[in-house]
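So the structure is just underneath, and the comments pick up after that.
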Amino acid sequence: SDVFSITVDQNNPATLYLSACSGIYRSDNRGNLFRKIQGIPYTARRTPALVQDPGQPGTIYAGTTQGLWVSRDQGATWRRTTSPALRIEAVAVLPHTLLLGTDFAGVFVSHDGGLSFSAANHGFSSRQVAAAAASPAGTYLSVTGDLQWGGIFLHQASGDWLQLPPLPHDAEANGLYWSQAGLVASTAAGVFVLPPAPAPQHWRVPAQPPAGPLYALSGRGPAELWAAGQQGLFHSHDGGLRWTRLRAAPAPLYRVLAATAGDQGAWLFIAGDGYLLRSHDGGQTFL
């Protein structure tokens, strides 16, 4: 079994606590013999972090892949004090403060000995932003790889961030564009459209969606959009509600960019495996 941490009891150096991918173990004879500590469900047995409270040696914090478990009696009994959705990798005990380092959700803090927690991520930026789009309501960002803490956020005029309803099929947006139809998101599950307020705030599938997984999205003006994907290049002339495939483009495609080059007019760039192509007629022909 993989061993993640070893903790020596502060009151009795002969007592050791060990956390592993198979659970928590205790030795009362300096590590010559270990026995497994019961009380934490089998599903939450993987314990990356195990820490004894320096101010209360009888209290032990176990950070598991299904939340934080706390024992007040040296491991005899345990109680979970966080959501099981938290995957905890590190536990730090400070005076009157308990910090948790998690996968995807950042840092959490408790000031009541682990009874309750709140996020402590102000100024902490470790999120992967895959796409951004400007709109009259503010800036939209797509945060990927963060499980239920990710998704699409709107930065409002007040400075606050508003999390939008999740995309269907747990999809993640690799491209965003604000069009006359609302917010358009390209994903591995296709294209989805969120109509502008005050319309009902739920994602819709276009009447004529592009086929296959999509990898990038770009646009020009309120109506013209292009999407690059496994099956090639797709075009919409109505803000993302109807799509047609542009046969002149190869497949698969991983990038698309609609750009204006000063007095040279509008260009469309696409990229795939080992090639970069350019079009001056909206994707009808490529060089």
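List of remarks:
- The phi-based Karplus calculation (6.51 cos²θ - 1.76 cosθ + 1.60; θ = phi - 60°) puts the 3J(HN,Hα) values of the stretch 180-191 at 5, 8, x, 8, 9, 10, 9, 9, 5, 9, x, 10 Hz, whole numbers, x for Gly and Pro.
- Length-normalised contact order of the stretch 179-287 in % [C-alpha pairs under 8 Å, at least 6 apart]: 19
- Computed over protein heavy atoms with a 1.4 angstrom probe, the accessible surface ordering of TRP178, TRP161, TRP267, TRP226, largest first, is TRP161, TRP178, TRP267, TRP226.
- Charge dipole of the stretch 1-120 (Cα centre as origin; +1 on each Lys and Arg Cβ, -1 on each Asp and Glu Cβ, all else neutral): 340 debye, rounded to the nearest 20.
- Using θ = phi - 60° and Karplus 6.51 cos²θ - 1.76 cosθ + 1.60, couplings along the stretch 28-45 (whole Hz; Gly, Pro as x): 10, 9, 6, x, 6, 9, 10, 10, 6, 7, 8, x, 10, x, 4, 5, 9, 5
- Ordering LEU94, GLY113, THR7 by Cα displacement along the dipole of the chain toward the positive end leaves THR7 in first place; charges were set at the Cβ atoms of Lys, Arg (+1) and Asp, Glu (-1).
- Residue-wise HN-Hα coupling along the stretch 272-287, computed from phi with Karplus coefficients 6.51, -1.76, 1.60 (Hz; x: Gly, Pro): x, 6, x, 8, 10, 10, 10, 10, 10, 10, x, x, 6, 9, 9, 10
- Amide hydrogen neighbours beyond the local backbone of ARG255, cut-off 5 Å, H modeled: ALA271
- Ordering of 10-22, 66-78, 230-242 by burial proxy (mean other Cβ atoms within 10 Å per residue, highest first): 230-242, 66-78, 10-22
- For the stretch 64-209, the fraction of 1.4 Å probe accessible surface lying on carbon and sulfur atoms is 57 percent.
- FRET efficiency, 1/(1 + (r/R0)^6) with R0 41 Å, evaluated for ALA207 and ALA120 via beta carbons: 0.35
- When VAL205, VAL51 are compared by accessible area of protein heavy atoms, the largest-first order is VAL205, VAL51, using a 1.4 Å probe.
- The stretch 180-216 and the stretch 149-167 have Cα centres separated by 17 Å.
- Calculated Rg and Dmax of the stretch 169-242 using C-alpha coordinates, Å: 11.0, 35
- Here the chain is assigned +1 on the Cβ of each Lys and Arg and -1 on the Cβ of each Asp and Glu. Its dipole about the Cα centre then comes out at about 540 debye.
- Taking amide H as placed 1.01 Å from N in the peptide plane, ALA131 has its amide H under 5 Å from the amide H of SER142, each at least 5 places away in sequence or on another chain.
- Only the Cβ atoms of Lys and Arg (+1) and of Asp and Glu (-1) were treated as charged; on that basis the dipole of the stretch 80-233 about its Cα centre amounts to roughly 180 debye.
- Relative contact order (%) - criterion: Cα under 8 Å, at least six apart; region: the stretch 9-149: 12
- The stretch 1-63 shape via C-alpha gyration tensor axes, a/c threshold 1.5: oblate
- Taking all Cα pairs closer than 8 Å and separated by 6 or more residues, the relative contact order of the chain comes to 7 percent.
- Within the chain, the percentage of alpha carbon pairs spaced more than 36 angstrom apart rounds to 39%.
- Highest to lowest packing among 33-45, 208-220, scored as the average C-beta count within 10 Å: 208-220, 33-45
- Per-residue surface analysis assigns PHE192 an accessible area of about 0 Å², computed on protein heavy atoms at 1.4 Å probe radius.
- Among ASP9, ASP170, the sequence by solvent-accessible area, most first, with a 1.4 Å probe is ASP170, ASP9.
The values are calculated or read from the model by the stated rules, or taken from the named source; none is laboratory data. Computed from a predicted model, the values in this text were never measured in an experiment. Don't worry about glycine lacking a Cβ; one is built from the backbone with ideal geometry, like all the others, and counts go over all protein chains shown. These accessible areas exclude ligands, DNA and RNA; they are computed on the full protein's heavy atoms, side chains included. Shrake-Rupley method; radii C 1.70, N 1.55, O 1.52, S 1.80 Å.
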